[in-house]
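Here, each number is a calculation from the coordinates, and none is a lab measurement. Bear in mind that the values here come from a model prediction, so they are computed numbers and not experimental data. In this analysis, Cβ positions are derived from the backbone assuming ideal geometry, glycine residues included, and neighbour counts consider all displayed protein chains.
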């Protein structure tokens, strides 16, 4: 169970970082993405990455 939480947590952090990068306009892939330069996706990505970090933390505690 710990390994699964760790893997899922890492995946969620990566997704959150991609969303944050797209929202900030740093990651421009895919080119036609509706998330590029939209500041709300910086918030959504940050919160998602934080949730993934929490899963990683929980996987390391148990």
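When you check residue 12 against the structure, is it closer than 15 Å to residue 58 by Cα and either in contact with a strand residue (DSSP E or B) (Cβ under 8 Å, 6 or more places away or on another chain) or touching a residue at least 40 places away in the same chain (Cβ under 8 Å) (or both), yes or no?
In short, yes.
Provide a single number: the residues in region 18-43 that are closer than 25 Å to residue 55 by Cβ and buried (at least 17 other Cβ atoms within 10 Å of the Cβ).
10
All but one of (1) on the phi < 0 side of the Ramachandran plot; (2) more than 11 Å from the chain's Cα centre (by Cα); (3) free of Cβ contacts under 8 Å to residues at least 40 places away in the same chain hold for residue 25; state the number of the condition that does not hold.
Condition not satisfied by residue 25: (1).
Which of (1) part of a helix (DSSP H, G or I); (2) in contact (Cβ under 8 Å) with a residue 12 or more places away in the chain is the odd one out, the single condition residue 37 does not satisfy?
If we test residue 37 against (1) part of a helix (DSSP H, G or I); (2) in contact (Cβ under 8 Å) with a residue 12 or more places away in the chain, just (1) comes out false.
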